[in-house]
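The values are calculated or read from the model by the stated rules, or taken from the named source; none is laboratory data. Note that this is a predicted model, so its numbers are computed, not measured. Every residue, glycine among them, receives a Cβ derived from its backbone with ideal geometry; neighbour counts consider all protein chains shown. Just the protein is used for accessible areas: all its heavy atoms, side chains included, with ligands, DNA and RNA removed. Shrake-Rupley method; radii C 1.70, N 1.55, O 1.52, S 1.80 Å.
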Amino acid sequence: MGIDTLIGLYIILSPVLLLVYIGYWKLFEKAGQPGWKGLIPVYSDYIVLKLSGRPGWWLIWLFIPVVNVIVGIGVYIDFIKSYGKFTLRDKAAGIFLSFIFLPKWGFDNTQYWGPSTTDAFKQQHPETRKIAALEWTGGLVLVLLPVILIRAFFIEAYTIPTPAMERSLLVGDSFFVGKLNYGARLPMTPIAYPFANHTMPTIGIKAYWDGLKFPYHRLPGFSEVKKGDVLVFNYPMEADSPFCRPEDKRENYIKRCQGTPGDTISLVDAQVYVNGKAAANPTQEQTDYTVTTNGDVNPQLLVDLHITSYDGGPPTMTKETATALKGYANIKTVTQNIAIKNTQDLSVFPNSQHQAKDHIYNWNVDNYGPVIIPKKGWTVKLDSLTLPIYRRSITVYEGNTLQQVGNDILINGVKTTTYTFKMNYYWMMGDNRHDSLDSRFWGFVPEDHIVGKALFIWMSWDDNGSFFSKIRWSRLFRGID
């Protein structure tokens, strides 16, 4: 989300915020507090806690993502109850139309009754107990509904589980994904537990019912997906057995977009080319290297230079680190591992999904393509060379049947030599080039799989760090680019 967008949102929301502040000012005065305290961020929250009867240290909860939303709404309900607003209707009005009802209550005959969470308040106002049982469920809904809506349409927290994006993103990085950037995807599997993706925690059963499905729709966004954006998307291969999950319930992956609809993508000696031009490499891009030495190397040197080895494989590092490593004693050679051109790798796409009549491509993870990324409305000629590349998009992602009868190709039972795509597609790759399961292995990502754009890291936890260095403090609130 660019600065221009943020400024635009602030301008749009300014009148709303002004009305909320006016409401706080008047309500604070009714409770014997100076109205100006309602204008000071954080301090006004502290005053709300005190007026509600909650301990001041609860302010800490308001700085913890996700928790702050739930606790904040709960405290806010306590606050308006302190002014005699007990009904579900009052609570809903105060939460969803606060810019209207806070000023209204501030200027009408509403009075401060006292801190609503105290025993004295409950004894003095026994009528609150009579409606408490009836309103408990409604109050819970009012607390959870905004959280569900925020996760679905605005922003959601994720954590990096694998090293596929190192060293741009590290295992243990927790980050927020913006749904507004490309437009929020409307739920396609609407009957689901809202706080799990596809599997219920602990008990391990499905967290959704796929008996009801909606077609793909996306709300307008601030921008299109751009090359270089870091995205969260649903893993396309979970359309297959044994998972057979709906589009929006497939596992979440995070990669960098290297190609957008209509681009021609290729790799030459691990360098990505888009439309024939070398693409800008991520600043923290890593590949595997072979290192030879004249003796032992201090293990601390590998730690200091952030050189890692995954599952006993070769050392992985950035080009800058490789250059620095060459200057150390006992280091004889540092050579980047690049797969040889024109050699077949049956694990890469489309070789990994080839059928009996398919052409086998002499492609591998470092020398690949060229291949054209499908674009909505683009018509491709179908033949022995293109069919292996686009068959999965035509059948699995766009829901057609495809048969080869002799030399003929039949789509939905009709003989054809071309196909026009219904959706846009993208090419995703991890910054840790030799340790990433990405488009090189399973092909294109359909637009209906896009979840959102990675925005910034809010927490980073190092399982291998010492007690005092478990949190990577330098990574907190770092933007993702």
Next item on the list: Select, from K376, K415, K381, K357, the only residue that is in contact with a Pro (Cβ under 8 Å, 6 or more places away or on another chain), among the basic types (K, R) and either within 30 Å of E166 (Cα to Cα) or surrounded by fewer than 17 Cβ atoms within 10 Å (Cβ to Cβ) (or both).
Entry: K376
Note to self: With the structure loaded, tell me whether G23 is among the small types (G, A, S), at pLDDT 90 or above and open to solvent by less than 70 Å² (accessible area, probe 1.4 Å) or whether it fails that test.
What the structure shows: yes
Note to self: Consider region 60-102. How many of its residues are touching a residue at least 60 places away in the same chain (Cβ under 8 Å) and polar (S, T, N, Q)?
What the structure shows: 1
Check: Of the residues that make up region 391-401, is at least one at pLDDT 95 or above and either over 35 Å from the mean Cα position of the chain (by Cα) or more than 22 Å from P215 (Cβ to Cβ) (or both)?
Finding: yes
Notebook entry, point to check: Which residues, taken from region 171-191, are of a type in the set (A, V, I, L, M, F, W, C) and either open to solvent by 20 Å² or more (accessible area, probe 1.4 Å) or in contact with a Pro (Cβ under 8 Å, 6 or more places away or on another chain) (or both)?
Noted result: V171, F176, L180, L186, M188, I191
Checklist line | Single residue of N197, N252, N234 found to be closer than 20 Å to P146 by Cα, among the polar types (S, T, N, Q) and either surrounded by 15 or more Cβ atoms within 10 Å (Cβ to Cβ) or under 16 Å from the mean Cα position of the chain (by Cα) (or both) | finding: N197
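Given Y289, Y273, which one is of a type in the set (F, W, Y), touching a helix residue (DSSP H, G or I) at 6+ places or on another chain (Cβ under 9 Å) and at pLDDT 95 or above? Outline the logic, then answer.
Details: Y273 fails: touching a helix residue (DSSP H, G or I) at 6+ places or on another chain (Cβ under 9 Å).
Being of a type in the set (F, W, Y), touching a helix residue (DSSP H, G or I) at 6+ places or on another chain (Cβ under 9 Å) and at pLDDT 95 or above holds for just one of Y289, Y273, which is Y289.
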Checklist line | Failed criterion for E127 (all others in (1) at pLDDT below 90; (2) open to solvent by less than 40 Å² (accessible area, probe 1.4 Å); (3) acidic (D, E) hold) | finding: (2)
Note to self: Can you say whether V334 is open to solvent by less than 30 Å² (accessible area, probe 1.4 Å) and part of a strand (DSSP E or B), as far as the supplied structure shows?
What the structure shows: yes
Notebook entry, point to check: Across region 72-97, what is the number of residues that are open to solvent by less than 60 Å² (accessible area, probe 1.4 Å), over 21 Å from L17 (Cβ atoms) and among the hydrophobic types (A, V, I, L, M, F, W, C)?
Noted result: 1
Item checked: Selection from region 267-304 of residues that are among the hydrophobic types (A, V, I, L, M, F, W, C) and open to solvent by less than 30 Å² (accessible area, probe 1.4 Å) -> L267, A270, V272, V274, A279, L301
Notebook entry, point to check: Does F214 satisfy the condition of being open to solvent by 70 Å² or more (accessible area, probe 1.4 Å), touching a residue at least 40 places away in the same chain (Cβ under 8 Å) and touching a Ser or Thr at 6+ places or on another chain (Cβ under 9 Å)?
Noted result: no
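May I ask you to list the residues in region 403-442 that are of a type in the set (D, E, K, R) and assigned to a helix (DSSP H, G or I)?
Step one: of region 403-442, the residues of a type in the set (D, E, K, R) are 408, 415, 422, 431, 433, 435, 438, 440.
R433, D435, R440, listed by residue number.
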Margin query: Could you go through region 467-475 and let me know if any residue there is crowded, with 16+ Cβ neighbours inside 10 Å and over 14 Å from F349 (Cβ atoms).
Written below: yes
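Provide a single number: the residues in region 449-466 that are open to solvent by 10 Å² or more (accessible area, probe 1.4 Å) and in a helix (DSSP H, G or I).
Quick first cut of region 449-466, residues open to solvent by 10 Å² or more (accessible area, probe 1.4 Å) only: 451, 453, 455-456, 458-459, 461-466.
Subsequent filtering for residues that are in a helix (DSSP H, G or I) retains none.
Residues flagged as open to solvent by 10 Å² or more (accessible area, probe 1.4 Å) and in a helix (DSSP H, G or I) within region 449-466 amount to 0.
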